[in-house]
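K.L.:
Have a look at this one before I ask anything.
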2 protein chains.
Amino acid sequence: MLRTNTCGELRRKDINKTITLCGWVQSRRDHGGVIFIDLRDRYGLTQVVFDPSHLAKLHKEAEHLGREFVIKVKGKLRERKKGMINPNMDTGEVEMFADELEILNKSDVPPFEIDDRKLANEFLRLKYRYLDLRRPEMQRNLLVRHKVALAAREYLSSKGFLEIETPLLIRSTPEGARDFVVPSRVSPGKFYSLPQSPQLYKQILMVSGCDRYFQIARCLRDEDNRGDRQPEFTQIDIEMSFAEQEDIFQVVEGLMKECFKKGINAEIKTPFKRMTYDEAMNKYGVDKPDLRFGLELCDVSEIVKHSNFGVFKQALDNKGVVKCLNVKKCAEFSRKDIDELEEVAKVYRAKGLAWMKMANGKLESSVTKYFSEELLIKLIKHTNAKNGDLLLFVADEFRIACSALGQIRNHLGKKLNLINKDAFEICWVTDFPLFEWDNDTERWLAMHHIFTAPRDEDLELLETDPGKVKGKLYDMVINGYEICSGSIRINRRDVQQRVMDVIGLTMEDAEQQFGFLMEAFRYGAPPHGGIAPGFDRLLMVMLGYDDIREVYAFPKNKKMECPMDGCPSDPDKQMLKDLHIKLDIAKK
Amino acid sequence: MLRTNTCGELRRKDINKTITLCGWVQSRRDHGGVIFIDLRDRYGLTQVVFDPSHLAKLHKEAEHLGREFVIKVKGKLRERKKGMINPNMDTGEVEMFADELEILNKSDVPPFEIDDRKLANEFLRLKYRYLDLRRPEMQRNLLVRHKVALAAREYLSSKGFLEIETPLLIRSTPEGARDFVVPSRVSPGKFYSLPQSPQLYKQILMVSGCDRYFQIARCLRDEDNRGDRQPEFTQIDIEMSFAEQEDIFQVVEGLMKECFKKGINAEIKTPFKRMTYDEAMNKYGVDKPDLRFGLELCDVSEIVKHSNFGVFKQALDNKGVVKCLNVKKCAEFSRKDIDELEEVAKVYRAKGLAWMKMANGKLESSVTKYFSEELLIKLIKHTNAKNGDLLLFVADEFRIACSALGQIRNHLGKKLNLINKDAFEICWVTDFPLFEWDNDTERWLAMHHIFTAPRDEDLELLETDPGKVKGKLYDMVINGYEICSGSIRINRRDVQQRVMDVIGLTMEDAEQQFGFLMEAFRYGAPPHGGIAPGFDRLLMVMLGYDDIREVYAFPKNKKMECPMDGCPSDPDKQMLKDLHIKLDIAKK
C-alpha cells in the first residue's frame, strides 16, 4: 500500500511514529507562513503541517496544493500545540509534521465544496455524484448500507437460509407495475423482462425443495418516479417452506434486530407490536401507522347517529361511519389552519371536515346545534375532550373516513412536532382483506397477489362473502413506512381454484399468466410463505431520511435519468438492426 | 414450523423421541405388508415405517403415497433392526415408526426420477428445473454457492471493503461484448444498457473516495452462448485505492483461501505460484496454464535453425520459433493419433505438426534426414528425450506455435489421464503485453482496456516500441481456467493521453466513449486497481464441472432461452407502443 495508515485512525498513542498518509486535500490554511492541510480519506481527517523553517522547499510545494488534490505525505506524528487541539475531530489531538510530499494527482477546482453541507442543487449533486459521495454523510450512508446487508446475510445464513441468485432476464409476468424489457437478438421479435421481484422464482425454489431461500435481490420497475421510489431497488427477499406466519415473524424480527444493531447500533424491541388491518384502520386511519405518536382516531358513529346533522346521518345511512380525532390543546387553530387540514382530507376523497372546539367544559362549533346536550356530553366523554381540545370529524364510507382522518393525523404529527425523531416504532399489521371490490369493473380483485392464502377459518367465506375473507397477509411497518409485505402462499390447486373463482380468473388464464409456476405446483409444492423487506426503504428509515436517493450510490433523477453517465442515451443504428426493432417516435 | 426436525439430522441419540417431519416421498417400498417410505428434504433422507399391525388405517393411507407427494408425518424414532442398518445413509441407523400422516400436497408422476443420476436430456432438465434442483447434487451446488458468496463477503468486509451496489440501468460504454439494452418509456427513442461489468462505476467509486469497494455483481453480455458462458453471470468485483499489484494479490489470495475452505473444505496454498505472460506462453503455450500436470513446452529454435528442414527454417526466417513437446512414453502413438493432434494444432492456426520418436537411443521420423547426427543429439539432450518418447514440433510465429502446441498439451493432459482431478493448481500470470497489433486495421489495440496502466519501467517504450510495453495486468488461473483478470488503472491524464496516442484514440473520442469517467478523473482520481473473480466459473472449477450451468439455479440454454419460464416471449402491443419501438422482422 502507498500508505501506512488511514486519515481517520491516528491518536495520541501514535505520537512520534513516522507515517505515510494518502488522501484528498480538504483545505489548506496559511498561518503565519506555516501551511496546514486537512487531509481526507474515507476514514477521516488528519491535519498535516508544512513548516518552512523545517523544510523550505517542501513548504513551497505545499503552497501549490489545491482543494481535492490527491497527495501522499510522509512525516512524524506529533502532539498539537495547546490551544490548537480540536475536540470535534477524532484526530484532533495530533498532527503530522511533513517531511515528504508527492502529488499523486491534481484536481480541477470542484464545482462545490466537499463538506457536511448538502448541496441544494440536485442536478449538480447527481452529475458530480463522485464528489457528492466524498462527503462524510454519504460515506456514512454507504457504510451503513454495507453493514446492514452483511448483517442480514449473516443472520439469515445462521438460520439455515441459502442465498440463491434468480435470473434477471425472465419471462414477463403480471405484477403490480410495468416491466422493463430487453429485446432478444437471438430470437427476433421476442423480449425478456427484468424482474419486478423474484416472486415466482422464489416460489419455484420452494417447489425445488430449497426449504429456506433468501436473496438481497435487485428489482426493477418502470414506474413514474416518486420521492421514495426508484426504477431500481433492492429487497431482502425471503421465502421458507413448512412455515407459518409466526415463523416468518420470528425470522424477520431477529433479522431487523441484527440490522439495526449492526447498522446503526440501535436496540429495537422484539417481539414487535401487532395489530390487525381493521385495528390499524380504526385507530390510525392507515394500514401503515406511525406509532411514534398517539393521536388515535375514535369512532363516534354510535353517538352521532342520534344527531340531526345531515352530513353525518347521510354517511351512516349509506353504511358509512363517522370518525373523530381529538387534537389535544389545538382549539386555538384558526379557520386557515382547519382549512389546511380539510385540504388534506379532500386529497383522500373525504367530502369535508367537521370540527368542534372544547371551551369552558362545552363543545362549540357551527354544527353543535344539531346535537342534543346529552349527545354532546356523550361525545365529550367518548373522545376524552378537555378544555382547549379540537375535535375533527369525517363522515364517509369506512375506508375513506379512516384514511382522510389518518392522513390528517400524520400531517398533525409533523406540524405539532409530536414525533420523536430518534424512535423506531415497529409493528406488524395482519389479517388484511384478501380481496377488494373494484367499482369500475364491478368485481373482486386480489389485494396482494393470487397466490396469497386465505385464513383457514375464512375458507368457507370464499363462496359466500369474499369481502370478509382475510388473508394470511402481513406487513411490517416502521415509523409509518411499510417496510415489507408478505404472505403465506396457496400451495394446493383446489384452494387456488376457489380463490381464482372469486376474482373471475379461469385456470386457463392463470396458466397463461403464471404457467410455469402453476405447472410446478403439480409436482408437490410444499406449504410455504415469505416476505421481502425493502432494503432501500429500510435504510432510508434507519438513517432518518425521507428521500430514498440518499441511500443509493447512483440514483436516477425523477425523469429516470442519470445526470452523471447521461443514460438513457441514443441507440446505435446497427444495434437496433441486430435487435430487430425500429424506433417509433414522432419526427420533430 | 410444521416439523420438529429435518430429514437429514436424526441419529442414534434421537431414538425414542417423538418427532414430526415434512418432506417429499422419495420412494415407497412394500415389504411383507410393512410400507417403507424414504422421506426427503434439502437436508437428507429419513426412513419412515407404516406398520399395519400398529395402525391399520394409517398404513392404508400410506399405500396411496406416490413419488414426490409432500407429506407431514409424526411418530417415534427407533433403532433399525439388525441387517436393516444402511451405512451409506447419514440417518441409516434409525427410522421413524409412523403414528400420524398428513398429505400436504399430491404430485403428478414426475417426468423423471429425483436421484443422483443426472438426466441426459438437457431440455427436460431445464424445463423441469424445479425437479432437477431437488437432486442432492444440485442442492449441494446451491449450498456451496451460498457458502462461497458468504465467505467472500465476510472476508472482504474484514479487510475494510464495502459492498456497494452499482446500477443495472446504465449508459452503454464500449466493452468486450454486446450490451443487452432496455428501451426507455419516459425518454422516447433512448435506451439504457445493462452492465457487462461495473468497471466504470467501480472506478468512479474510487474517485468518490470509497477506498475499498467490492460487489458480488450481476453482469450481462449478449454473446452467443458457449459451454462456459451464460448471458448472465456473477463476479466478485473488487477495486482498491492507493494499492499496488502486490496488495491486490494478497487480498485475492486470502479471499480464495477462505472461499475454498468455507465452500468445499479444501486447503489451498498461498502465496500462489507466479509466472509472467512470456513464461506461461513459452512453457505451456497458453496464458492460462493448467499446472495439474507437467508436459512443458521447450524452445528448440536455436538447435533446429542449423537443420535443412524447410518448414522449420522458413518459420525461423520469418522471425518465428520452433516449439517442441516431449510426450513421454507415447512413441507408440499411431498415425491416426498424431493426425488427431495435428487437427487440434490446426484449429489454433498452425500449418502442421512435425514429430519424431525415440527408440534405441535414436530419434526416428521422416524428417530426421534433414538433421545432422550432432543436431539430433542436441535435440535429445535439450528435450530430455528417452526411449519410447514422442517429440512434437510446431514451427510458426511465436504466439501461433506456442498456442497450437499448448492446446495439444491440454488435449494430451486429458487423453493421457495426466490430470489429478482433486488438485487445485493456482497461479498468477503477470506482465501481459499492454497492446496487441491488429493486422486487419494495422494498428495497436488495447489488450485489456484503455485504463490499464503500463509498468513504470516501460513508460518510455510507449512512444518507441509499444509492442514491448507490459501492463500492470494480471490474471489468476486455476486448473487452466482464467478465473479473473485485473489491473492497476491509469489515474493520470498525461499517462492516459500517451496510451491513447498509441492506439490512435483522441481525447475527444475517449470523452465521447467514457465521458463521465474521464470527467471524474479531472477531480482528483487516486491511484487504484482491481480485479474481478468470475464467481460462476470459480464455483464450476471448485465443484469439478466443465459446464457452468451446473452452478446456476436457473441457467439459459444455448439459444439463450429458459425452457422453464419460456423467455424470451412475445411482446404486448401496448408495451411496444409505450416504449416507442416497433418490431423490425421479416414477415413470414
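The values are calculated or read from the model by the stated rules, or taken from the named source; none is laboratory data. Remember, it's a predicted structure, so these values are computed and weren't measured experimentally. Ideal geometry is used to build each Cβ from the backbone, glycine not excepted, and the neighbour counts take in all protein chains shown. Quick note on the areas: whole protein, heavy atoms, side chains included, nothing else; ligands and nucleic acids left out. Shrake-Rupley method; radii C 1.70, N 1.55, O 1.52, S 1.80 Å.
K.L.:
Per-residue mean of other chain beta-carbon atoms within 10 angstrom of the beta-carbon, peptide A:553-565? Display every interim value, and only then the final one.
P.N.:
Numbers: counts 12, 10, 1, 4, 0, 1, 3, 7, 7, 6, 1, 10, 15.
Going residue by residue through A:553-565 and averaging, the value is 6.
K.L.:
Let me check the size of the stretch A:455-554 from its C-alpha atoms; what are the radius of gyration and Dmax in Å?
P.N.:
17.9, 51
K.L.:
Okay, moving on. Computed FRET efficiency, Cβ-Cβ of B:Asp339 and B:Lys577, R0 51 Å: what is it to the nearest 0.05? Intermediate values should be presented prior to the final figure.
P.N.:
Values: r = 60 Å, r/R0 = 1.17.
The formula returns an efficiency of 0.30 here.
K.L.:
Between B:Phe36 and B:Met1, take the C-beta separation as r, use R0 = 22 Å, and let me know the FRET efficiency to the nearest 0.05.
P.N.:
Values: r = 25 Å, r/R0 = 1.14.
Calculated transfer efficiency: 0.30.
K.L.:
Which entries of A:Lys556/A:Lys577; A:Lys582/B:Lys573; A:Lys328/A:Lys369; A:Lys106/B:Lys468; A:Lys17/A:Lys72 have Cα-Cα distances beyond 21 Å here?
P.N.:
On the way: A:Lys556/A:Lys577 28 Å; A:Lys582/B:Lys573 14 Å; A:Lys328/A:Lys369 23 Å; A:Lys106/B:Lys468 29 Å; A:Lys17/A:Lys72 16 Å.
Flagged as over cut-off: A:Lys556/A:Lys577; A:Lys328/A:Lys369; A:Lys106/B:Lys468.
K.L.:
Say the cut-off is 30 Å between C-alpha atoms; which of B:Lys288/B:Lys362; A:Lys305/A:Lys357; A:Lys351/A:Lys381; A:Lys323/A:Lys362 go over it?
P.N.:
B:Lys288/B:Lys362
K.L.:
Something else now. Given an 8 Å cut-off on Cα distances and at least 6 residues of separation, report the relative contact order of the stretch B:238-316 as a percent.
P.N.:
Values: 38 pairs, mean separation 11.1, N = 79.
Dividing the mean separation by the residue count of the stretch B:238-316 yields 14 percent.
K.L.:
So, one more: Computed FRET efficiency, Cβ-Cβ of B:Lys273 and B:Ala177, R0 30 Å: what is it to the nearest 0.05?
P.N.:
Values: r = 30 Å, r/R0 = 1.00.
Given R0 = 30 Å and the Cβ-Cβ separation, E is 0.50.
K.L.:
Which far-off residues, 5 or more places away or on another chain, put their amide H under 5 Å from the one on B:Cys7, with H placed in the peptide plane?
P.N.:
Here B:Asp41, B:Tyr43, B:Gly44 satisfy the definition.
K.L.:
Next question. Between B:Asn420 and A:Leu124, with labels modelled 7 Å along Cα→Cβ, what's the label distance in nm to one decimal, could you check?
P.N.:
Going by the 7 Å Cα→Cβ label model, 6.3 nm.
K.L.:
If you don't mind, another one. How far apart, in nanometres, would the label points at B:Lys386 and A:Val347 be if each is projected 7 angstrom from Cα along the Cα-to-Cβ direction?
P.N.:
Taking the two extended label points, one gets 8.8 nm.
K.L.:
Let me ask something else. What is the ratio of the Cα radius of gyration of the stretch A:293-415 to 2.2 N^0.38 Å, where N is its residue count, to two decimals? Write down the numbers at each step before the final one.
P.N.:
Numbers: Rg = 13.0 Å, N = 123, 2.2 N^0.38 = 13.7 Å.
Rounded to two decimals, the normalised Rg is 0.95.
K.L.:
Then there's this: Sorted from shortest, what are the nm distances separating the label point of B:Asp317 from equivalent points in the other copies, each placed 7 Å from Cα along Cα to C-beta?
P.N.:
Distances between equivalent label points, in nm: 11.3.
K.L.:
In the stretch B:2-66, if every C-alpha pair distance is counted and binned at 10 Å from zero, what percent goes to each bin?
P.N.:
The percentages, shortest bin first, are 21, 50, 29, 0.
K.L.:
Report in % the part of the accessible area of chain A that belongs to carbon and sulfur, leaving out ligands and nucleic acids; probe 1.4 Å. Could the numbers behind the result be given before it?
P.N.:
Details: 11910 of 24780 Å².
Reported share for carbon and sulfur atoms: 48 percent.
K.L.:
Scan the stretch A:84-127 for GluC sites (Glu not before Pro) in coil per DSSP, keeping those whose Cβ has at most 11 other Cβ atoms within 10 Å, and list them by number. Walk me through the numbers before you get to the answer.
P.N.:
Numbers: sites: A:Glu93, A:Glu95, A:Glu100, A:Glu102, A:Glu113, A:Glu122; in loops: A:Glu93, A:Glu113.
Nothing satisfies the criteria.
K.L.:
Where in the stretch B:98-131 are there trypsin sites (Lys or Arg not before Pro) that are in a DSSP coil and have at most 10 other Cβ atoms within 10 angstrom of their Cβ? Walk me through the numbers before you get to the answer.
P.N.:
On the way: sites: B:Lys106, B:Arg117, B:Lys118, B:Arg125, B:Lys127, B:Arg129; in loops: B:Lys106, B:Arg117, B:Lys118.
Qualifying residues, ordered by number: B:Arg117.
K.L.:
Also: Could I have the simple spin-label model distance between B:Glu102 and A:Ser53, label points 7 Å from Cα toward Cβ, reported in nm to one decimal?
P.N.:
The modelled label-to-label distance comes out at 8.6 nm.
K.L.:
A further question on this structure: Quick one: Cα centre-to-centre distance for the stretch B:215-258 and the stretch B:70-131, in angstrom?
P.N.:
When both Cα centres are located, 38 Å separates them.
K.L.:
Above 18 Å lies some portion of the pair distances; for the stretch B:393-540, what is it as a whole percent of all C-alpha pairs?
P.N.:
Details: 7230 of 10878 pairs.
In whole percent, the long-distance tail amounts to 66.
K.L.:
With a bin width of 10 angstrom, please list the P(r) values of chain A as percents of all Cα-Cα pairs, from the 0 bin to the one holding the largest distance.
P.N.:
3, 13, 19, 20, 18, 14, 9, 4, 1, 0
K.L.:
Going 7 Å from Cα along the Cα-Cβ axis for the label, what nanometre distances separate A:Gly189 from the same residue across the other copies?
P.N.:
Label-point separations across copies, in nm and ascending: 2.6.
K.L.:
Return P(r) of the stretch B:101-205 (all Cα-Cα pairs; 5 Å bins starting at 0; whole %; ordered from short to long distances).
P.N.:
2, 9, 11, 10, 10, 12, 14, 13, 10, 6, 2, 1, 0
K.L.:
Size of the dipole of the stretch A:12-105 about the Cα centre, Lys and Arg at +1 and Asp and Glu at -1 on the beta carbon, nothing else charged, in debye to 20?
P.N.:
On the way: 17 positive and 15 negative charges, 43 e Å.
Result for the stretch A:12-105 is approximately 200 debye, rounded to the nearest 20.
K.L.:
On average, how much area does the Cα convex hull of the stretch A:12-105 cover when viewed from any direction, in nm²? Working shown, then result.
P.N.:
Working: hull surface 22.7 nm².
Average projection, Cα convex hull of the stretch A:12-105: 5.7 nm².
K.L.:
So the label point sits 7 Å from Cα along the Cα-to-Cβ vector; using that for A:Glu154, what distances do you get to the other copies, in nanometres, sorted shortest first?
P.N.:
0.9
K.L.:
Give me D for the stretch A:235-374 in µm² s⁻¹, whole number, from Stokes-Einstein with Rh from the Kirkwood sum over alpha-carbon pairs, 4 °C and 1.567 mPa s. Display every interim value, and only then the final one.
P.N.:
Details: Rh = 18.9 Å.
Once the numbers are plugged in, D ends up at 68 µm²/s.
K.L.:
Rounded to the nearest 20 Debye, what is the dipole magnitude of chain A about its Cα centre when Lys and Arg each give +1 and Asp and Glu each give -1 at the C-beta?
P.N.:
Details: 93 positive and 93 negative charges, 413 e Å.
Roughly 1980 debye, rounded to the nearest 20.
K.L.:
Continuing with this model, one more query. Which translational diffusion coefficient, to the nearest whole µm²/s, is obtained for the protein assembly as shown from the Stokes-Einstein equation, given a Kirkwood hydrodynamic radius over C-alpha pairs, 37 °C and 0.692 mPa s?
P.N.:
Numbers: Rh = 34.6 Å.
D = 95 µm²/s.
K.L.:
Using only C-alpha atoms and all pairs of different ones, pull out the Kirkwood radius for the stretch A:319-372 in Å with one decimal. Don't skip to the answer; put the middle values down first.
P.N.:
On the way: mean 1/r = 0.0796 Å⁻¹.
Averaging 1/r across every pair of different Cα atoms and inverting gives 12.6 Å.
K.L.:
Further question on the same structure: For every helix of n ≥ 4 consecutive DSSP H residues, a contribution of -39,500 (n - 2.57) applies; sum these over chain B, divide by its total residues, and give [θ] at 222 nm rounded to the nearest 500 deg cm²/dmol.
P.N.:
Details: 17 runs with 173 residues, N = 588.
Dividing the helical sum by the residues of chain B leaves -8500 deg cm²/dmol.
K.L.:
Hey, can you find the accessible area per residue of the protein assembly as shown for me, probe 1.4 Å, expressed in square angstrom? Mind dumping the intermediate values first?
P.N.:
Numbers: 49540 Å² over 1176 residues.
For the protein assembly as shown, the solvent-accessible area averages 42 Å² per residue.
K.L.:
Toward the positive end of the charge dipole of the protein assembly as shown, about the Cα centre and with charges on Cβ (Lys, Arg +1; Asp, Glu -1), which of A:Ala62, A:Cys219, B:Tyr43 goes farthest?
P.N.:
B:Tyr43
K.L.:
Mind checking the mean number of beta-carbon atoms from other chains within 10 Å of the Cβ atoms in A:63-69?
P.N.:
1
K.L.:
Using a probe radius of 1.4 Å on protein heavy atoms only, what is the accessible area buried between chains A and B, both sides summed, to the nearest 100 Å²?
P.N.:
Values: alone 30270 and 30250 Å², together 49540 Å².
Interface between A and B: roughly 11000 Å².
K.L.:
Sticking with this structure for a sec: Calculate the length of the line joining the C-alpha centroid of the stretch A:282-349 to that of the stretch A:529-581, in whole Å.
P.N.:
39
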